[in-house]
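Here is the structure we will look at.
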């Protein structure tokens, strides 16, 4: 076997091993049953606004892992939505990362938060306030979780399944996280220093 063939095989093996997102399950397709989990999102870009799209920043999705089963789940957030409602199986979960969209730009940040999903409950994860730095060489994302009281009456009209079970407050811990925010594809600029795959 030639050295070139060995290099190709090793590279292929590394690519397969280095892609944990291939095991991700889509919350919209896979999670048809289980307790309802609800949370609210409040995103605050910190100025000055160098990009015209920064004021339109929104959470696109976040990834969670069930610590008991090892299952990875991607929770999508609808465009311009201020909340997420999803069904997850009961267990202890770890929030792995969050992706932010700013027009054509995409950024991701790894997180370190844990929460529990209780059976036969509507699990409330609180209000997630995300503060993102203005575009610069090193950007940070600060995530704070509060247990504020949302407008449940309006929410029940849109999501009647939330009223089926008793409400259980299960805010992620620790309540404050600050992590680096990286540009990801498809995004700009293409300079390797700023660009992370």
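With respect to the numbered conditions (1) under 24 Å from residue 114 (Cβ atoms); (2) surrounded by 10 or more Cβ atoms within 10 Å (Cβ to Cβ); (3) at pLDDT below 75, which one is the sole condition not fulfilled by residue 77?
(3)
Quick check on residue 163: is it in contact with a strand residue (DSSP E or B) (Cβ under 6 Å, 6 or more places away or on another chain) and modelled with pLDDT under 90?
Taking the combined requirement at face value, the residue does not satisfy it.
Can you find, within segment 93-126, the residue that is nearest to the chain's Cα centre (by Cα) among those that are within 18 Å of residue 72 (Cβ to Cβ) and free of Cβ contacts under 8 Å to residues at least 60 places away in the same chain?
98
Does any residue of segment 109-120 turn out to be over 21 Å from residue 174 (Cα atoms) and modelled with pLDDT under 90?
Scanning segment 109-120 turns up at least one residue that is over 21 Å from residue 174 (Cα atoms) and modelled with pLDDT under 90.
The values are calculated or read from the model by the stated rules, or taken from the named source; none is laboratory data. Treat the numbers as computed from the prediction; the structure is a model and nothing was measured. When we count neighbours, we look across all protein chains shown, and the Cβ atoms used for this are built from the backbone with ideal geometry, even at glycine.
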